[in-house]
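Report on one structure; see the data block that follows.
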Amino acid sequence: MVTAPSVNVVAIDGPAGAGKSTIARELAHKLSLPYLDTGAMYRGITYAALRRGIDVNDVDALADLALSTVLVITDDTLIVDGIDATQDIRGEAVTRAVSAVAANSAVRSELRERQRNWVAARGGGVVEGRDIATVVFPDARLKVFLTASPLVRAQRRVAQIGGDVEQIARDIAERDHKDSTRIDSPLRESENAIVVDTSNRTIEDVVTQIVGVFHG
């Protein structure tokens, strides 16, 4: 396993709809660091499974798939086995199936290794996900846990992908439960993370706060 230099890592965790991706991208820009959306990687494996007709609850088949799937990720795109899946990984089918994929320990082990290698190759980065501060980079220079009220999170999702607020709220609650109760690397706050509620704050305000803590 490659040991990534954690000194230049900003680890950002939090539930769906808390603003992780938007804030992490802007933060990476402000700090002149590369940005990695680890959630997109899990969605990429989910997309590959659905495309090949693999049951996302088939533990062994999914483990094999994770080892063989080629993911090429940038700030704005995800290429899965040579196919641009940037839009498809945000669709309803992948969104409903990704929790099962993320709960697979073999998949998590493989993607954690890729995440550490990605950061090691770049000498640092702003990395966002659900177990970044607690498992992937426990020695990160700065750990941030972003959260927001359930209603705000649902409204943000509807603004992004459309749909009914109440249904999206139920889906988010189900995802929260699965992510926080899974055996391997559950979603939780790191003991020494700063917790930021983004519910009634602008992106600029939140990013400014985090930049201040980073340089402080």
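The values are calculated or read from the model by the stated rules, or taken from the named source; none is laboratory data. Keep in mind it's a predicted model, so treat the numbers as computed, not measured. With ideal geometry, Cβ positions are generated from the backbone for all residues, glycine too; neighbour counts draw on all protein chains shown.
For the stretch 16-34, how many residues meet the condition of being surrounded by 23 or more Cβ atoms within 10 Å (Cβ to Cβ) and farther than 25 Å from ALA173 by Cα?
1
Pairs under 8 Å by beta carbon, first residue among the aliphatic types (A, V, I, L, M) in the stretch 11-26, partner assigned to a loop (DSSP other than H, G, I, E, B), six or more apart or different chains?
Pairs found: ALA11/PHE137; ALA11/ALA140; ALA11/SER190; ALA11/ALA193; ALA18/ALA148; ALA18/THR198; ILE23/THR198.
Count, please, the residues in the stretch 41-91 that happen to be aromatic (Phe, Trp, Tyr) and modelled with pLDDT under 95.
0
Looking at the structure I just gave you, is SER149 crowded, with 17+ Cβ neighbours inside 10 Å, touching an Asp or Glu at 6+ places or on another chain (Cβ under 9 Å) and outside the structural domain of ILE89 (by TED's automatic domain parsing)?
For SER149, the condition - crowded, with 17+ Cβ neighbours inside 10 Å, touching an Asp or Glu at 6+ places or on another chain (Cβ under 9 Å) and outside the structural domain of ILE89 (by TED's automatic domain parsing) - is not met.
Looking at the stretch 46-78, which of the residues that are over 20 Å from LEU36 (Cα atoms) and of a type in the set (Asp, Glu) is surrounded by the fewest Cβ atoms within 10 Å (Cβ to Cβ)?
Residue satisfying both the conditions and the ranking: ASP60.
Wholly within the stretch 13-92, which strands (runs of 3 or more DSSP E) include no fewer than the required count, namely at least 3 residues that are farther than 17 Å from ARG108 by Cβ?
Answer list for the stretch 13-92: 78-80.
(1) among the aliphatic types (A, V, I, L, M); (2) surrounded by 14 or more Cβ atoms within 10 Å (Cβ to Cβ); (3) in contact with an Asp or Glu (Cβ under 9 Å, 6 or more places away or on another chain): which one isn't true of ILE172, the others all being true?
Going through the list (1) among the aliphatic types (A, V, I, L, M); (2) surrounded by 14 or more Cβ atoms within 10 Å (Cβ to Cβ); (3) in contact with an Asp or Glu (Cβ under 9 Å, 6 or more places away or on another chain), ILE172 breaks only (3).
List every residue pair whose Cβ atoms lie under 9 Å apart, where the two residues are 6 or more positions apart in sequence or sit on different chains, the first residue falls within the stretch 185-209 and is over 23 Å from GLY39 (Cα atoms), and the second residue, located anywhere, is in a strand (DSSP E or B) and β-branched (Val, Ile, Thr).
Filtered contacts from the stretch 185-209: GLN209/ILE194; GLN209/VAL196.
Taking ARG90, is it charged (D, E, K, R) and surrounded by 14 or more Cβ atoms within 10 Å (Cβ to Cβ)?
For ARG90, the condition - charged (D, E, K, R) and surrounded by 14 or more Cβ atoms within 10 Å (Cβ to Cβ) - is met.
Name the residue, out of ASP13, ASP81, that is surrounded by 15 or more Cβ atoms within 10 Å (Cβ to Cβ), more than 28 Å from THR181 (Cα to Cα) and in contact with a Ser or Thr (Cβ under 9 Å, 6 or more places away or on another chain).
Answer to the check: ASP81.
Which of the residues belonging to the stretch 117-146 are buried (at least 19 other Cβ atoms within 10 Å of the Cβ) and among the polar types (S, T, N, Q)?
THR134
Among the residues that make up the stretch 169-178, is at least one of them of a type outside the set (Phe, Trp, Tyr), in the same structural domain as ASP13 (by TED's automatic domain parsing), under 30 Å from SER32 (Cβ atoms) and under 16 Å from the mean Cα position of the chain (by Cα)?
no
Filtering the stretch 99-114 down to residues that are at pLDDT 95 or above and touching a Phe, Trp or Tyr at 6+ places or on another chain (Cβ under 9 Å), which residue is surrounded by the fewest Cβ atoms within 10 Å (Cβ to Cβ)?
In this case the residue turns out to be ARG108.
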